[in-house]
Amino acid sequence: MIAGRQNVLILGPIGIGKTELVRSATRDLPKVIWVSSVAPLKAALQEIVQGLIKAGQLDAGQAAGLLRLPGPALSRSLAGPVRDCVLVLDRLDRVTPSMAPALESITAECVTVGLVTEIPSSSKLTRFWWRFQKKITLQPLSPEDSKQLFWSRLSKSVVCNPVAWDRAVA
């Protein structure tokens, strides 16, 4: 999806592992910018600026100049620097119709991965959600699948009492 430059929306209940899944999938990519929440918008834009510095897309002087701009001008100015990056927007379900234009100007220029518990039903955001060509819904694992995944990642020798663990999750 990233190689094909498709924007992706990951949907799932709180705690299902959306963030961990995307962190794992993007771990080896050179220019990933994480935004912990899109609200408040000014804080999200500041996180993008910090991510661009870390990715080598902006220097501190450029960033200082950008951060003096009002929100709409700042979001338009970030569209160019994010072009070669993957932008991860956690808690994207907090987007509001007034934020959408600012985020649209940025997400139009880069691969964006949005993490949401559900897509808000506001008709004023329909155009914004259309930007995400792929939507992936994560479902909770069954207890048996959870146990299997747990033991595939952890050696039974490091768990104090593997038999008790197996019984507890059965």
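The values are calculated or read from the model by the stated rules, or taken from the named source; none is laboratory data. Only a predicted model underlies this, so the values are computations on that prediction, with no experimental measurement involved. Using ideal geometry, Cβ is built from the backbone for each residue, glycine included, and neighbour counts are taken over all protein chains shown. Heavy atoms of the whole protein, side chains included, go into the accessibility calculation; ligands, DNA and RNA do not. Shrake-Rupley method; radii C 1.70, N 1.55, O 1.52, S 1.80 Å.
A few notes on this one:
- Scanning segment 64-75 for residues that are open to solvent by 10 Å² or more (accessible area, probe 1.4 Å) and either within 20 Å of the chain's Cα centre (by Cα) or aliphatic (A, V, I, L, M) (or both) yields ALA64, LEU66, LEU67, LEU69, ALA73.
- Test: residue in segment 56-74 that is in contact (Cβ under 8 Å) with a residue 40 or more places away in the chain, in contact with a Ser or Thr (Cβ under 8 Å, 6 or more places away or on another chain) and part of a loop (DSSP other than H, G, I, E, B): no
- Look at (1) surrounded by 13 or more Cβ atoms within 10 Å (Cβ to Cβ); (2) farther than 19 Å from LEU92 by Cα and you find that GLY51 fails only one, number (2).
- Tally, over segment 1-51, of residues that are at negative phi, of a type in the set (Lys, Arg) and not in a helix (DSSP H, G or I): 2
- In segment 12-30, the residues that are charged (D, E, K, R) and closer than 14 Å to LEU89 by Cα: LYS18, GLU20, ARG23
- The single residue among VAL158, VAL169 that is β-branched (Val, Ile, Thr), open to solvent by 90 Å² or more (accessible area, probe 1.4 Å) and modelled with pLDDT under 85 turns out to be VAL158.
- The strands (runs of 3 or more DSSP E) falling completely within segment 77-149 that include 2 or more residues that are exposed (fewer than 14 other Cβ atoms within 10 Å of the Cβ) and touching a residue at least 60 places away in the same chain (Cβ under 8 Å) map to 134-137.
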